[in-house]
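Heads up, the thing below is written out as structure tokens.
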Amino acid sequence: MYQGNRASFGSKSGAILAAAGSAVGLGNIWRFPYETGNHGGAAFILIYLGCVFLFGLPIMIAEFTVGRRAKASTGEAFKAIMPKGCWKYVGYLGVLTGFLILGYYAVVAGWTLEYIYQAAVGNFSDKDPAGFVSMFQNFSQSPFRPLLWLFVFVFITHFVIVKGVQKGIERSSKVMMPLLFILVVMLAVCSVMLPGAEKGVEFLLKPDFSKLTPDVFLGAMGQAFFSMSLGMGCLSTYASYFGKDTRLGNTAMSVGIIDTCVAILAGLIIFPAAFSVGIQPDAGPSLIFITLPNVFQQAFSGAPALAYICSILFYLLLALAALTSTISLHEVSTAFLHEKFKLTRGKAARYVTGGVLVIGIVSSLALGMWNDFKIAGLNFFDALDFLTAKIMLPLGGMLTAIFVGWIIDRKIVREEATNYGTLRAPYYPVYIFILRYLAPIGIAAIFLNELGLF
Ligand code: PHE
């Protein structure tokens, strides 16, 4: 299964940063705050953290195992390890899921470019909170501007993908991730110091368990998978570029910690700021686009130049965080077409880009002109988000846990966890227990709970 000339990451830290680059993105800074806001705050976060540790980390190691062992992208990896039976369809499901996510994710990624532009031309300085609300509504519902930015964003992603693994993916992650982290910490400090911010901190840290409904569990589980890039073979595709000495357990732990810290810090930026300017925390997908510009205006009201620079920098880094994630989503489909149909990388990438643009256009218009077209009561954009994050990702994660826990040879699982017997991997028994029992049963229970079967 090992192919000699396969691309690989140049270093262990490169592997961690690329995986963290995939994990950290709009999921942390855009989706986590609004899901937390919609589901009532701190209680949601507690369940979320439970999902990260109980399902997320073990399933991440399991995905690494599949990818590194097969030395193939996820679409082919399940088949390479288990040629018989239906397991290859788990790989195909992952490719489809990633492709659909990229379709609507790229729309929001495009919004970040509009906000860089608006910040750069100085359009934030004269607005009050209501002004930012209408600015966002006018923009997201207009037909052309969001599409323009969608195209720009997808083409940038395409360009990096065509550049390849080391020069494109690894190099860009190494620069962008540390920068993002510094800026997020800085902004959280500014936001917490705004007048009236305590209510936001309380919302984030003081759980109200009366708010726990089946939806909260499904939402937290979906968010954990989405944010950690799990359940669709994204990280297993990256693991196929890992070296033999990359430690799977350590890498998963590092990615999990980085991803969770960025999400909590994003909460610490958004909620204090939202409460401070009187914006409801359940404003939905628009939340960061209406609260954040306010943070800068208010936190630096005495220093407009600083407000100006910070706004640009923030949206720039948000765009870069989104980019490292769109790259990873794109890579799954591109590598699949490249390996399965023997297309060149360039040609494979062009097909993926074309398909993504079509889904992106429909998702974007669903927020404006085509908002009346509903699937099960949701517009196309929301329906895609629900289907992928809350159903397809947990399902893919559950099947991966079963595959590694029950189906493949235990010797392979142990070899991958211990780097062919050179490491101790003390977590191994717990990891196997979770993959075999806790993760499949827990995920199934959350699905059944949502359907009202408990
Ligand atoms: N984890 C990414 C984010 O938080 C989104 C993503 C999901 C990327 C699934 C790859 C796979 O933004």
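In the range 197-242, the qualifying residues are those that are assigned to a loop (DSSP other than H, G, I, E, B) and in contact with a Pro (Cβ under 8 Å, 6 or more places away or on another chain), and the one that is surrounded by the most Cβ atoms within 10 Å (Cβ to Cβ) is Gly231. Does the range 225-234 include one or more residues that are closer than 26 Å to Ile279 by Cα and at pLDDT 90 or above? There is at least one residue in the range 225-234 that is closer than 26 Å to Ile279 by Cα and at pLDDT 90 or above. Scanning the range 263-282 for residues that are aliphatic (A, V, I, L, M) and open to solvent by less than 40 Å² (accessible area, probe 1.4 Å) returns Ala263, Leu265, Ala266, Ile269, Ile270, Ala273, Ala274, Val277, Ile279. Of all the criteria given as (1) farther than 14 Å from Ile257 by Cα; (2) among the aromatic types (Phe, Trp, Tyr); (3) under 17 Å from the mean Cα position of the chain (by Cα); (4) more than 10 Å from the ligand (Cβ to nearest atom), the one not satisfied by Tyr48 is (1). Contact map, the range 103-122: first residue farther than 25 Å from Glu331 by Cβ, second residue surrounded by 23 or more Cβ atoms within 10 Å (Cβ to Cβ), Cβ cut-off under 6 Å, separation 6 or more or different chains; pairs are Glu114/Trp149; Tyr115/Tyr315; Ala119/Ser311; Ala119/Tyr315.
Only one entry of Gly85, Gly110, Gly91, Gly75 meets the criterion of being more than 15 Å from the chain's Cα centre (by Cα), at pLDDT below 95 and closer than 20 Å to Thr388 by Cβ, and that entry is Gly75. Report, by residue number, each residue of the range 38-70 that is open to solvent by 30 Å² or more (accessible area, probe 1.4 Å) and either more than 19 Å from Ile264 (Cα to Cα) or in contact with a His (Cβ under 6 Å, 6 or more places away or on another chain) (or both). The answer is Arg69, and nothing else. Within the option set Leu399, Leu357, Leu387, Leu329, being touching a residue at least 60 places away in the same chain (Cβ under 8 Å), open to solvent by 60 Å² or more (accessible area, probe 1.4 Å) and outside any loop (DSSP other than H, G, I, E, B) holds for one residue only, Leu387.
Would you be able to say whether some residue in the range 303-325 is within 14 Å of the ligand (Cβ to nearest atom) and either open to solvent by 30 Å² or more (accessible area, probe 1.4 Å) or without any contact (Cβ under 8 Å) to a residue 40 or more places away in the chain (or both)? There is at least one residue in the range 303-325 that is within 14 Å of the ligand (Cβ to nearest atom) and either open to solvent by 30 Å² or more (accessible area, probe 1.4 Å) or without any contact (Cβ under 8 Å) to a residue 40 or more places away in the chain (or both). Looking only at residues in the range 243-260 that are assigned to a helix (DSSP H, G or I) and over 16 Å from the mean Cα position of the chain (by Cα), the one that is farthest from Val413 (Cα to Cα) is Met253. Assess whether Gln118 counts as being more than 16 Å from the ligand (Cβ to nearest atom), at negative phi, at pLDDT 95 or above and polar (S, T, N, Q). Considered against the rule, which asks whether it is more than 16 Å from the ligand (Cβ to nearest atom), at negative phi, at pLDDT 95 or above and polar (S, T, N, Q), Gln118 comes out as yes. Across the range 275-304, the number of residues qualifying as over 14 Å from Cys190 (Cβ atoms) and not polar (S, T, N, Q) comes to 13.
Name every residue in the range 71-115 that is aromatic (Phe, Trp, Tyr) and either crowded, with 24+ Cβ neighbours inside 10 Å or not in a helix (DSSP H, G or I) (or both), in order of residue number. Residues satisfying the conditions are Phe78, Trp87, Tyr104, Tyr105, Trp111, Tyr115. When the range 117-139 is limited to residues that are under 14 Å from Gln297 (Cα atoms) and either outside any helix (DSSP H, G or I) or polar (S, T, N, Q) (or both), the one that is nearest to the chain's Cα centre (by Cα) turns out to be Gln118. In the range 416-429, of all residues being assigned to a helix (DSSP H, G or I) and touching a residue at least 60 places away in the same chain (Cβ under 8 Å), the one that is farthest from Tyr89 (Cα to Cα) corresponds to Ala417.
Annotation: Lys340 fulfils all but one of (1) away from the ligand (no atom under 16 Å from the Cβ); (2) closer than 23 Å to Phe9 by Cβ; (3) open to solvent by less than 30 Å² (accessible area, probe 1.4 Å); the unmet one is (3).
The values are calculated or read from the model by the stated rules, or taken from the named source; none is laboratory data. The model shown is predicted, which means the values in this text are computed figures rather than measured ones. All Cβ positions, even for glycine, are placed from backbone atoms using ideal geometry, and neighbour counts span all protein chains on display. Remember, those area values only see protein heavy atoms, side chains included, never the ligands or the DNA or RNA. Shrake-Rupley method; radii C 1.70, N 1.55, O 1.52, S 1.80 Å.
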